[in-house]
1. Region 150-280: D in µm²/s via Stokes-Einstein (Kirkwood Rh, Cα pairs, 4 °C, 1.567 mPa s)?
2. Tally Lys/Arg at +1 and Asp/Glu at -1 over every other residue whose Cβ is under 13 Å from the Cβ of Ser221; what's the total?
3. Return the FRET efficiency for the residue pair Tyr269, Val231: r is the Cβ-Cβ distance, R0 is 25 Å, and the value is rounded to the nearest 0.05.
4. With labels modelled as points extended 7 Å from the Cα through the Cβ direction, what inter-label distance (nm, one decimal) is found for Glu62 paired with Arg36?
5. With contacts defined as alpha carbon pairs under 8 Å and 6 or more residues apart, what's the relative contact order of region 47-113 in percent?
6. Just want the answer: with Cβ charges of +1 for Lys and Arg and -1 for Asp and Glu, which residue in Val72, Ser84, Ala114 is farthest toward the dipole's positive end in region 64-116?
7. Across the Cα atoms of the chain, what radius of gyration and what greatest pairwise Cα-Cα distance (Dmax) are found, in Å?
8. Counting pairs of Cα atoms in region 83-210, how many percent are more than 23 Å apart?
Amino acid sequence: MSATTSTTRRVAIVQLASPDSESQAERIERVEGLLRQHTGVDLFVLPELWSAGYFAFDRYEELAETFDGPTVSMARRVARELGSAIHLGSFIERGADGALHNTAVLVDTHGDIAQTYRKIHVFGYQSLESRLLAPGATLSVVDSPLGAIGSTTCYDLRFPGLWQELSTRGAEVVVVPAAWPAARREHWCLLTQARAVEHQLWILACNACGAQGDVQLGGFSRVVDPAGRVVAECGDGEEVLIVDIDPERVGEVRSEFPVIADRLSAADYAALSTHPAVDA
């Protein structure tokens, strides 16, 4: 781990297990203690639905929270006391209308909520998420010490249109909390690098690990730079991965190889003729 410079920012990728034997309250307390062991971090990143456990489908109603609940409250308290931003991954949010969402939250260094993102592509393959949780309908990019930052969640990796819109809106860093199974780990590795290359931005991808029920989570959380290089990666167990990243790398890569500048808008692509060009 190199020392930070005036431009580098320190990120802690917190790869977690959510064992069935551990209660939600016990896990939140454990993770709070884990975060407090690390000082001098600019941004912590946690996995998808770690406090409830992604595969605890039969308990989603019971484990759902509001933004005043224990998961977000812990992150806000720790962020304020450590002076570190925390992307808490996501939690099961109960909206004002009673609907449940898979909601990612970024908390700033003052303990204030800087960004929320309700997962747009809820997952239905061998999963009850799409039946139990309502999809989101908003997408934002906000300023952060690491640059303009956007949030996606797990399955969103597979939808390039969403990613084009994020980079069009100015994203320079995208956080990807996930509960990606080990059975499809190759896809996880491929897509995290592909999205970085396509959009020339930092990918901070934090996956869950360990077993939940009969599913083994994939781990291999990783940080990918704007040129698609994996600069650091976890194994398949619990781990806190500390990485120093340079936000200026985005501008360097985009200037050297101008993919973003050369890209058409989604509307321009949709307007292309369906008829093949024919020379006169």
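1. D, rounded to a whole number, is 81 µm²/s.
2. Working: positive: Arg185, Arg222; negative: Glu48, Glu233, Asp236, Glu238, Glu239.
Here the count lands on -3.
3. E between Tyr269 and Val231, to the nearest 0.05, is 0.20.
4. A separation of 2.8 nm, rounded to one decimal place.
5. Relative contact order here is 36 percent.
6. Value computed over the given set: Ser84.
7. Taking only Cα atoms of the chain, I get Rg and Dmax of 18.7, 73 Å.
8. Numbers: 2411 of 8128 pairs.
The share of Cα pairs beyond 23 Å in region 83-210 comes to 30 percent.
The values are calculated or read from the model by the stated rules, or taken from the named source; none is laboratory data. Treat the numbers as computed from the prediction; the structure is a model and nothing was measured. With ideal geometry, Cβ positions are generated from the backbone for all residues, glycine too; neighbour counts draw on all protein chains shown. For the accessible areas, the whole protein counts, side chains as well, though only heavy atoms, and no ligand, DNA or RNA atoms are used. Shrake-Rupley method; radii C 1.70, N 1.55, O 1.52, S 1.80 Å.
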